[in-house]
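The following block contains the structure, expressed as structure tokens.
Quick note: the coordinates plus some simple rules give every number you see, no bench work behind them. Nothing here was measured: the structure is a model prediction, and the numbers come from that model. Neighbour counts run over all protein chains shown; Cβ positions are idealised from the backbone, glycine included.
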Amino acid sequence: MDNQRFEGKVAIVTGGASGIGFACSAIFARGGARVVIADINEEIGNRAVSDIKGEGGDAIFTRTDVGRPADVEAMVEAAIQSFGRLDIAVNNAGIGGESAPTGSYSIEGWDKVISINLSSVFYCMRYEIPRMLESGGGSIVNMASILGSVGFANSPAYVAAKHGVVGLTKNAALEYAKQGVRVNSVGPGFIVTPLIEQSMDEATQAYISGLHAMGRMGEPQEVADMVAFLCSDQASFMTGGYYLVDGGYTAQ
Ligand code: NAI
């Protein structure tokens, strides 16, 4: 435990078993929160729970497909049944999807990315917010991307979904600002995670690194540090924002 800034809090992290999501789960657990790791992949989900418990933290795994509203409702209920309240939610699960220009992108590919990367964020907030209101307030971070503010050729569904996440975030922030629920989004640049490692060869990774002013991709921990700050009491006047963690990608 490196500090106790989340002592007594209960946090849900979707896609919490890998990459950025796992870094978020771990930082909350180290801060004293009880963590619900919600992920479609049971094997890595259970491993993530053991890793956190091995460090002295408290976490459970709930198998969740964030593209299915019934799964998302059950995820929130699992948090309440296991830990009695909900204070923090990081709606992070996402996929890259196919790579093709708009004129040949498959309809099925579009529907899948919009479901998992955008509709899921609505489903999550739909079920999380009422429970946070019962707990006296809370903080939500929705995982957008730099592609929530700029385009990226051959990724129409991903770019549309992430722009949508930024908009949904602003809307929910306005609706609940006076009731103590803060809602923000984070826009990472390219981050070295399984999502990137599985979809890019080494030459592509070198090219992508060069698109960031710092000349490298980011690490999951660098995103988790921003998420943790936004979910902490230090961010008490921050809602409706979109915060880049992008090594200067969008500055050029
Ligand atoms: P990752 O692939 O390492 O982790 C994603 C996690 O989500 C995995 O554990 C996976 O099992 C889970 N997941 C996938 N589909 C799911 C579903 N339908 N329901 C529940 N869980 C599901 O990916 P990474 O890179 O950590 O990405 C996390 C988020 O960050 C995504 O929303 C992604 O779009 C976003 N992001 C990632 C960037 C990167 O360069 N890695 C850059 C900007 C944003």
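Could you sort the peptides 4-15, 169-180 by per-residue average Cβ neighbour count (10 Å cutoff), highest mean leading?
Numbers: 4-15: 22.9, 169-180: 15.8.
Top to bottom by mean Cβ count within 10 Å: 4-15, 169-180.
Does the stretch 135-252 classify as rounded, prolate or oblate by the C-alpha gyration tensor (a ≥ b ≥ c root eigenvalues; a/c under 1.5 gives rounded; else a/b over b/c gives prolate, otherwise oblate)? Could you put the intermediate results ahead of the total?
Working: a/c = 2.49, a/b = 1.86, b/c = 1.34.
Prolate, because a/c is 1.5 or more and a/b exceeds b/c.
So, with +1 on the Cβ of K and R and -1 on the Cβ of D and E, and no other charges, what is the size of the charge dipole of the chain about its Cα centre, to the nearest 20 debye? If you can, show how the numbers build up before the last one.
Values: 17 positive and 27 negative charges, 133 e Å.
That gives the chain a dipole magnitude of about 640 debye.
For the chain, take the alpha-carbon Rg, divide it by the Kirkwood Rh, and send me Rg/Rh.
Values: Rg = 17.1 Å, Rh = 18.0 Å.
Using only Cα positions, Rg/Rh for the chain is 0.95.
Could you work out the relative contact order of the chain? I mean the mean sequence separation of Cα pairs under 8 Å and 6+ apart, divided by the number of residues, in percent.
Numbers: 528 pairs, mean separation 46.8, N = 252.
About 19 percent, as a whole number.
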